[in-house]
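In what follows, a single structure is set out as structure tokens and then discussed.
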Ligand SMILES: C[S@@+](CC[C@H](N)C(=O)[O-])C[C@H]1O[C@@H](n2cnc3c(N)ncnc32)[C@H](O)[C@@H]1O
């Protein structure tokens, strides 16, 4: 421990760009139930990871870009493969790649056209960015009409460059399909979408981080979860519970609460190391159900800042997101090597259960 109670960071943590802000053990809250329970965050550190400046491929609602820095410190040391069954824009994998915390990646999302876009990013980024540049230029005379024509083309041909253009233009990066799979989100006509030169930098940056070491698939998360190995780390970010029923139109798929819990029980039986982001709280209001105690997960909250929705409503309240760590992961984090090399934790243990 350094002067003023700051943690002395290890070489690994400095490489990550982690910054210890405060660390007195007495600052760390314990769970109510936790008599004799040793909190995982025996020293609390607010982490600013180099991952904050990691490239990102496209705007995506629910992206974990802002809070990836609070998730990375829970990675086991020397991780070979990170698996994201609900990858979306893959913010956590990209941050992990940017900070050297995992060697290989498996990105999966049930949204097939999204994964086709990922394939272009990982395998053929230059033609993709060139096609985007053409679309972006062609829209200039009438952005509004052009958006509808690209959306129509996407609904007919499912071309990755069309999806990239739509993602750059839609409201809040919120992908929305009708019940019969028609992409029906509207454009934010105040914005033209990211400039081609800026997009090129981002996409090539992501490509450099992931090419040659990333597997892609478009399966239901259950299949992916069951194919994982005990030495993997699985980061799961299912749709918010409010949007998680199969009939929901905002996502092509969805995940029911019971179904998720069932899969997590199976993963526990398999000895899988996983982290789940699952809803949280805004101000005093809890969103969705907590995951059950029977799963024996460690429940933490991370501060996700002000939600877009709350800001629109003129509401200053902060959103905190739930993060759950699996028993097998906790055992790995408790190993002597993890204790000495990566005790840097950026979240707060849940107080409210
Ligand atoms: C909250 S978003 C993930 C965001 C991601 N963490 C990021 O950083 O961008 C949830 C994702 O789950 C996907 N999804 C929904 N149901 C699914 C299912 N049954 N299996 C796999 N993916 C699913 C959606 O298409 C969506 O991309």
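The values are calculated or read from the model by the stated rules, or taken from the named source; none is laboratory data. Bear in mind the structure is a predicted one, so any value in this text is a computation, not a measurement. Here Cβ is always computed from backbone atoms with ideal geometry, including for glycine, and neighbour counts include all displayed protein chains.
Does residue 215 meet the test of being exposed (fewer than 14 other Cβ atoms within 10 Å of the Cβ) and assigned to a strand (DSSP E or B)?
Working: exposed (fewer than 14 other Cβ atoms within 10 Å of the Cβ): yes; assigned to a strand (DSSP E or B): yes.
Criteria met by residue 215.
Quick one: which helices (runs of 4 or more DSSP H) sit completely within the stretch 90-154 and have at least 3 residues that are without any contact (Cβ under 8 Å) to a residue 40 or more places away in the chain? Even if it seems obvious, please write down each step before you answer.
On the way: elements: 91-98, 112-123, 125-138.
Helices (runs of 4 or more DSSP H) meeting the threshold: 125-138.
Do you know which residues across the stretch 111-142 are surrounded by 19 or more Cβ atoms within 10 Å (Cβ to Cβ), within 15 Å of residue 194 (Cβ to Cβ) and away from the ligand (no atom under 16 Å from the Cβ)? Please lay out each step first, then the result.
So the first thing to find is which residues in the stretch 111-142 are surrounded by 19 or more Cβ atoms within 10 Å (Cβ to Cβ), and the list is 111, 113-114, 117-118, 120-122, 125, 128-129, 132, 135-136, 139.
Filter again for within 15 Å of residue 194 (Cβ to Cβ), leaving 117, 121, 125, 128-129, 132, 135-136, 139.
The answer is 125, 128, 129, 132, 135, 136, 139.
Among residues belonging to the stretch 51-71 that are without any contact (Cβ under 8 Å) to a residue 60 or more places away in the chain and surrounded by 18 or more Cβ atoms within 10 Å (Cβ to Cβ), point out the one that is farthest from the ligand (Cβ to nearest atom).
Pass one, the stretch 51-71, residues without any contact (Cβ under 8 Å) to a residue 60 or more places away in the chain: 51-53, 65, 68.
Add one more test, that the residue is surrounded by 18 or more Cβ atoms within 10 Å (Cβ to Cβ), and what stays is 51, 65, 68.
Numbers: 51: 12, 65: 6, 68: 8 Å.
Restricting to residues being without any contact (Cβ under 8 Å) to a residue 60 or more places away in the chain and surrounded by 18 or more Cβ atoms within 10 Å (Cβ to Cβ), the top hit is 51.
Taking residue 277 and the conditions (1) modelled with pLDDT under 90; (2) under 17 Å from residue 321 (Cβ atoms), which numbered condition does it fall short on, given that it satisfies the others?
Unmet for residue 277, out of (1) modelled with pLDDT under 90; (2) under 17 Å from residue 321 (Cβ atoms): (1).
Looking only at the stretch 156-183, filter to residues that are in a loop (DSSP other than H, G, I, E, B) and away from the ligand (no atom under 15 Å from the Cβ); which one of those is nearest to residue 137 (Cα to Cα)?
159
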